[in-house]
Amino acid sequence: MLSLASIGTAALFMIALGAVLAAILAIASKKLFVYEDPRIDAVDEMLPQAQCGACGVPGCRPFAEAIVAGLRSPSGCTVNTPEANQLIADYMGVDVGSQEKVVARLACAGGTHVAYKRAEYQGLKSCQAASLIAGGGKGCNWGCLGLGDCADVCDFDAIYMDEHGLPIVIEDKCTACNDCVAVCPKNLFSLQPASHQLFVACKSLDEGDEAQHECEVACTACGKCVVDAPEGLIEIKNHLAVIDYEKYADFTVDRTPIERCPTGAIVWIDSKLGTTRSSHGKESKKKVPRTASLPLG
């Protein structure tokens, strides 16, 4: 049985140990203390908390830290309204900055009215799932599968599916968060400055007649856009017209390169007026797309 003296000694030892540990923690707290600017909390509260990463950093708080550190301007938040970004700029005493609007663009116009199917996919209604089953059943191996994964992941309701099973981007709502780019199994989405109005709405690498056999609006690599565009702006690579956007600002670019496109694969995009293609790329007269009877999935 423990004596009172033993108990007292143990108690004194524990008190002394606690005091020593408390002293160590106090010293460590002072030594390891990292000052955090209180303005970070204030700026963070003025951000939309979308956590979308469209600003180039992983979340709103890291973006607030970057603003306070002078590494980012408030306009870098594409989800906030211009008025909200101006409030941040006024609070920080900095210029709001300028940020060209960047939007998601889809390199495919092959909806069900113009693109053929070689098989009918009957599995899980997901582009990612369908792409694993013989590519999804679409005649064009590079074309949009139309099952709406991109619309499902868009937290800003900036994408909807049209009557032909094609995603339509509402540019005024798009924040360039990159979610649609990441989820598309065909890599059809890209983020483009809104000023890049000339755009190739196709990614097919099939040769001319073969490409058009599978999709009426496919690029046939005819080269007319190359001839009609400023020299060096467009070239044909792997049977597909490719725009060199690094040179885009060096030229006066208008709708001329789209006018002679025989399928309408190269388009002119206006955020207010929508998409314009050549008169050759008119709507298909086909009422029911050719579909093989073989089911997939």
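The values are calculated or read from the model by the stated rules, or taken from the named source; none is laboratory data. This structure is a prediction, so every number in the text was calculated from the model and none was measured. Please note: Cβ atoms are built from the backbone with ideal geometry, for glycine as well, and neighbour counts cover all protein chains shown.
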Inset, instruction - Go through the residues of region 265-279 one by one and say whether even a single one is in contact with a His (Cβ under 9 Å, 6 or more places away or on another chain) and modelled with pLDDT of 90 or more. - result: yes
Inset, instruction - Kindly check whether there is at least one residue in region 173-184 that is in the same structural domain as residue 256 (by TED's automatic domain parsing), basic (Lys, Arg) and crowded, with 22+ Cβ neighbours inside 10 Å. - result: no
Inset, instruction - For residue 52, work out the one condition from (1) more than 22 Å from residue 155 (Cβ to Cβ); (2) in contact (Cβ under 8 Å) with a residue 60 or more places away in the chain it doesn't fulfil. - result: (1)
Legend entry - Exclusive hit being surrounded by fewer than 10 Cβ atoms within 10 Å (Cβ to Cβ) and either assigned to a helix (DSSP H, G or I) or assigned by TED's automatic domain parsing to the domain that holds residue 193 (or both), set 45, 65, 83: 83
